[in-house]
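Notes follow the structure.
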Amino acid sequence: MTDFLDSRLSPVDLARCATEPIHVPGAIQPHGHLLACSEPDLLLRHASAALGPLLGQPLAGLLGRALEDVLGTDAAAAVRAALMDLPAGQTCVAKIKVATRAFDATVHRWDGLAIVELEDPAGDRLDAGLLNRVLARLRTARTLTALQQAAVTGLREMTGFDRVMLYRFHPDEHGEVVAEAKADDIEPFLGLHYPASDIPRQARQLYRMNWLRVIPDASYEPVALEPPLRPDTGAPVDLSHSVLRSVSPVHREYLRNMGLRASMSISLLQEERLWGLVACGHRTPRRLSVEDRLACEAVGRMLSLSIGACETVENRQRRAAKAEVVTGVCAGMRMCNENAWQAMMRWPQDLLSLLSADGVAALVDGHVVRYGRCPGADTLRRLGQWVHADAFSEEPLQLTRLQGSWPAAADAADDTGGCCGLLAITLPRPEANALMWFRPEVGSTVNWAGDPSKSAQPASGAPEGILRPRTSFALWKEQVRGHSAPWRDDEVWVASELRRCAVEHDLERQVRLAAAAMAARERTLAAVSHDLVNPVSAVLMNTTLVQRVVRQGAQLSSESVATALDGILYAANRMKVLLGDLRDFGKLEGGEFDARPQAVDVGPLLQDVCQMHRPMATGQGQALSCSAEPGLVAHADPECLFRVLTNLIGNAIKFSPPGGLVRVSAVRHGASVRFDVKDTGRGIAADQLPHVFELHWQHEETAAQGSGLGLYIARGIVEAHGGRIWASSEPGRGSVFSFTLPLGMPLPASGPGAVP
C-alpha cells in the first residue's frame, strides 16, 4: 500500500503538522531542570525557570556565572568529567548533589552548548535479573514474530506500563501494530494501522536521533527557558537531544484523547532508518528512573540488532530456497543462442514461481513474448519503453500501484489485464528491452485506529494554523483497491541475480556472434574468390576468341561465335550472382537488409527468370517448365524475388541429370503465394535436409564447389518479406524447394477499355 494515506488530510493541514518546530519548543517538562552552558568555559547561558527557586536565588542573577558558582564545585566537576571526550549528540549520566539534594544528571553537548538536565531519582528500581532475562529471550527468539512478542512482553514486565505495543512502519510511512502486551481491561490495538500523519516527519527525525522519549505526565504545564533566545545566534535553544524537552501540545492532546497520562517511546533503527517504535502508554502518571530508562534503551538497541538479524536470516532462507532454481534458469539460458530475455522466457513457470507473479513478459527489439496474466502486447511495448527510458537498468524497478506510477497508465487502463504490481529489469543496451513480472490487485481491508481522514483538524475557536489531534481511535475499516502485494527482498534479489546472469550472457553472446561473423566473412570471401575464378577464366577465354575474330579475321562459324558470347553472358551473370550474394550476405549479417515490397505480377516475372535459365538447362539436356496461376500477385520486392528464384532454379538445373525435368510453379495458398521449384535429381539425404538453409551448407555431390551462400540468403530474403521457406526430398527421385510470400493487391487492368 502506497500513496493513498496522506491524501486524506488536506495539504494545508499536513504542512502545518510537518513544519511545527518541535526541536526548539523553548520549554521543558516540569519534572526536572535544564541548564545550558557555553563551552569550554561552562558559563550558564540558559536555564529553566524553576532553577532559581531550587537554588533559592533569582534566575537572572545566575545567568552568565560559572557552573561551579551555580551548582557547586563537586557537581560542576562531575559535569566536566561527563563532558570529557563526549561526542556531540551522545549522552552521559552522572549522580550529583545540588543544594543538598541528590539528582540524576543527564549531560550532552549540541549546537555549541553543553546541556545539563537534572531529575529527582525515581523510587522504584528495575531488578537487574529481569533485564537479563528479557535480553536472553530476545537472543533466543528464532522468528521475527516471536522476537517482537518477546520484546513487548518483556518491556511491560520491566516498566509496568498498561500497554506496550510494537509499531512497524510500512514503506509509505504509515504504521501497523504488529505485537502488543497490555492490561486485561483495555481494548487491544494489535493489527490496527495508524496514518503516517500521526507521526510527522520532523518527529520521525527526532526518533532517529534519540533512542528514548519520555512523558511522565501528559497533563503538565511547560516550564520556559530563560532567556528564550540565544544571545550569540538569536535562535531558540535546540533541544533535539534533551530528555526533558517539552513535546508538541498537539501530541499531548493526542495522548489524552487516547486516555493516556504517561508514555515512553523506544526507537527501532535499521541502518539509521526508522524501522518502527515500541510505544508504551499508561493511564496514570508514571515516571521511570534514569537507570530503568537506560535498561529500556539497552532492550531497544538489542531489539534493533535482533530485528536486523532475523530479517537477514529469513531473507537468506528464502533466497537459499530459490537459488537452485535461479542457477538452473541461468545455466539453461547460457545454452541458448538467443537474446538473454528470449532465452530466459523458455522457463516461464520458473520465472513466475521465483517471484510469486501471475504473469511475465519480455520486450526484445520491439517484439513481445508473454506468459500468464499480462497486459496486452501494445501496452507491454509502451510500458517496456518507459521502463527502459527511465533508466531503471541498474536496480529492479518495483511498483505495487502501476496505475499511480506509470504516466500512460490511464490511457492503457483497459489493456492492463488487471495488473497492479510490476517488477522490471533491463539490459544496458541502446534499444528498449525489459523483462517484466506482473501481479494482480490484492483487495484488502485495512483496520485503522480511527478514521485516517481525521488525523488532525483545525482547533475550534483557535487562531489560524492551530491544529487539534483526532479524538476517535475506534476501529475503522477501509477497503484498499488498486494495489498489489509488495515485492519482498528475496524476490528483488532473484530479479537482480537474473539480470546479472543476463548481462553476462548477452556479453558472451555478442562476443560469440562477432567471432562467428568474422569467421563467416572470411570463409565467404575465400569461397566467393574461389568461385569467381571460373567465370572470370571463361570470360577471358571467350573474349580472347571473339577478339581474334574481330582483329585477325579468324575463320570461325557464326555458331562458335554465338557460343562464345553465350559463355561470356553466362559467366557475367554468374559473377553478378556471386557479387550479389556477397552484398546480400553482408546486409543480412549486419541487420541492414532492406526489402521494398510492391505488387508483383507473378506470371511475367516467372517467365523472365525461366527464360534466362533455359539455355543453361538446354545445354545440360534438361527440360525447364514454368506455370503461374492467372492474375497471381505477390507483395514482394521484384529484384529480391528474382534472386530467390534464380538461386533455386540454378540449383535444380545443377543437380538434375541429363534428360531431367525442372518444374517451376506459383499458386495461391491462403493469404500467400506459394512457389515450388521441383527437380528430378538424386535428392538430399534425410539427415542433411534440416541443414540446407544454413550458412555454407553444400550438397554432398559438390562439396568442393560453391560458396554455400545461396540458400542461406534465400531464406533471409523470404523471411524479411514475412514468408517462410522449406525443402522436401526423396533420395533418388528429386527435391522440391518451396517458399511463400504475402499475397498482393490485384493489379489494375490494362489494354483496351482499361480505366487509367
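Close amide H pairs (under 5 Å, H built 1.01 Å from N) link VAL98 with PHE103, residues at least 5 positions away or on another chain.
Quick check on region 82-136: take the gyration tensor over C-alpha atoms, sort the square-rooted eigenvalues as a ≥ b ≥ c, and tell me if it's rounded (a/c under 1.5), prolate or oblate. It is oblate, given that a/c is not under 1.5 and a/b is not larger than b/c.
Taking the protein heavy atoms of region 244-356 in the context of the full set of protein chains, the accessible area attributed to carbon and sulfur is 52 percent at 1.4 Å.
How much accessible area per residue does region 16-77 have, in Å², with a 1.4 Å probe?
On the way: 2460 Å² over 62 residues.
Each residue of region 16-77 exposes 40 Å² on average to a 1.4 Å probe.
Computed from the Cα positions only, the extents of region 117-173 along the three principal axes stand at 40, 30, 22 Å, in decreasing order.
The calculated FRET efficiency for GLU639 paired with GLU324, based on their beta-carbon distance and R0 = 35 Å, is about 0.05.
What FRET efficiency would be calculated for the residue pair ARG346, ASN132, taking the C-beta separation as r and a Förster radius of 60 Å, to the nearest 0.05? Plugging the Cβ-Cβ distance into 1/(1 + (r/R0)^6) gives 0.60. When each of the peptides 86-97, 640-651, 284-295 is scored by the mean number of other C-beta atoms lying within 10 Å of its residues, the order from highest to lowest reads 640-651, 284-295, 86-97. Taking the average, over residues, of other Cβ atoms within 10 Å as the packing measure, peptides 683-693, 30-40 rank 30-40, 683-693 from highest down. Summed over the residues of region 285-412 and divided among them, the accessible surface reaches 47 Å² per residue at a probe radius of 1.4 Å. Evaluating 6.51 cos²θ - 1.76 cosθ + 1.60 at θ = phi - 60° for every residue in region 493-501, the Karplus couplings come out as 4, 4, 4, 5, 5, 5, 5, 4, 4 Hz, glycine and proline recorded as x. For region 209-361, pairs of C-alpha atoms spaced more than 18 angstrom apart make up 73 percent of the total. Accessible surface computed residue by residue for region 142-269, with neighbouring protein chains in place and a 1.4 Å probe, gives 38 Å² per residue. A simple spin-label model places the labels of THR145 and ASP378 4.7 nm from each other, with each point 7 Å out along Cα-to-Cβ. Working from label points 7 Å from Cα in the Cα-to-Cβ sense, the HIS669 to HIS691 distance is 2.5 nm.
Please give the Cα centre distance for region 277-298 versus region 346-381, rounded to the nearest Å. Going from one Cα centre to the other spans 52 Å. Full extension of the chain between ASP676 and LEU43 gives 217.3 nm of extra length, using 0.36 nm per residue less the Cα-Cα distance. Taking 0.36 nm per residue of sequence separation and removing the Cα-Cα distance, the ARG80/GLU338 pair yields an extension gain of 85.7 nm.
For VAL503 and GLU431, the difference between the fully extended length at 0.36 nm per residue and the C-alpha to C-alpha distance is 24.5 nm.
A Förster radius of 56 Å, combined with the Cβ-Cβ distance separating THR543 from VAL313, puts the computed FRET efficiency at roughly 0.05.
The values are calculated or read from the model by the stated rules, or taken from the named source; none is laboratory data. These figures come from a predicted structure and were not determined experimentally. All Cβ positions, even for glycine, are placed from backbone atoms using ideal geometry, and neighbour counts span all protein chains on display. Ligands, DNA and RNA are stripped out before the accessible areas are found, and what is left, the full protein with its side chains, is counted by its heavy atoms. Shrake-Rupley method; radii C 1.70, N 1.55, O 1.52, S 1.80 Å.
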